[in-house]
Amino acid sequence: MRVAMMLYAGFQLLEVSGPMEVFHQANRLYGGVLYEAHLIGPSPGPVLSSNGTVVGATACLFDTLPPFDIVVVPGSPVVGSAREHRELVDWLREAGPNTRRLACISNGAFLLAQAGLVDGRCLTTHWRDARRLAADYPRVHVMSNPGCLKDGNLYSSGGARAGIPLALALVREDLGEHAAGAIGAAFSTLPPRSAARTRNT
């Protein structure tokens, strides 16, 4: 499965590294490359995260070949303005409808909302951003509960640390409860069971 991890200036590093580690551990357990991760940035090369760590993008927005099986959009301490990250939002608007599963972590939800991909859907974000997200995008059903939420093929998490259980929820669907539990147990701060809350659609 092709996984697109979206990078942009000021992204939160934990919201990329956590899910990436889950997918890496799933590949080890599977015994092959089940999750083929692509770090996609505005251009090839270094992308500066919010804490100053530089991550190298392996592909450019304009050179990728969608569709992807999973697209993961991390948040940022400063994301939210409709004027920010227009190239990424345009890419999401085009690629999103053909993506099998869309996921956002914390206020990465704003970028999916800007792309028009979550109208009429249930979405969660960091509790500090929930009211602003609901005000800016009234067609989105914003839920401020912590943890993870699933609405059809849309997955969202309430905070940076919830990126790991969000990725575990994706793995659970693909490999089953036993595999997700084994991977979750490797993260000492998380219990083995970290399922996403599901909305029936």
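Residue by residue through region 26-36, note down the ones that are at pLDDT below 95 and surrounded by 14 or more Cβ atoms within 10 Å (Cβ to Cβ).
Passing the criteria: Leu29, Tyr30.
Results for (1) in a helix (DSSP H, G or I); (2) not polar (S, T, N, Q), shown as yes or no for each residue.
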residue	(1), (2)
Asn107	yes, no
Leu117	no, yes
Arg161	yes, yes
Ile164	yes, yes
Glu173	yes, yes
Gly181	yes, yes
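Under the condition of being touching a helix residue (DSSP H, G or I) at 6+ places or on another chain (Cβ under 6 Å) and under 12 Å from Tyr8 (Cβ atoms), which residue from region 61-86 is surrounded by the fewest Cβ atoms within 10 Å (Cβ to Cβ)?
Among them, the one singled out is Leu61.
Between Ala180, Ala167, which is surrounded by 22 or more Cβ atoms within 10 Å (Cβ to Cβ), in contact with a Lys or Arg (Cβ under 7 Å, 6 or more places away or on another chain) and either of a type in the set (A, V, I, L, M) or modelled with pLDDT under 95 (or both)?
Ala180
If a residue has to be crowded, with 16+ Cβ neighbours inside 10 Å and under 22 Å from Ala26 (Cα atoms) to count, how many in region 141-158 make the cut?
Number of matching residues: 8.
For Pro138, are the conditions met, namely being surrounded by fewer than 19 Cβ atoms within 10 Å (Cβ to Cβ), at pLDDT 95 or above and either out of contact with any strand residue (DSSP E or B) (no Cβ under 7 Å at 6 or more places or on another chain) or part of a helix (DSSP H, G or I) (or both)?
yes
The values are calculated or read from the model by the stated rules, or taken from the named source; none is laboratory data. Small disclaimer: the values here were computed from a predicted structure and weren't measured. Counting neighbours? That spans all protein chains shown, and the Cβs are built from the backbone with ideal geometry, glycine included.
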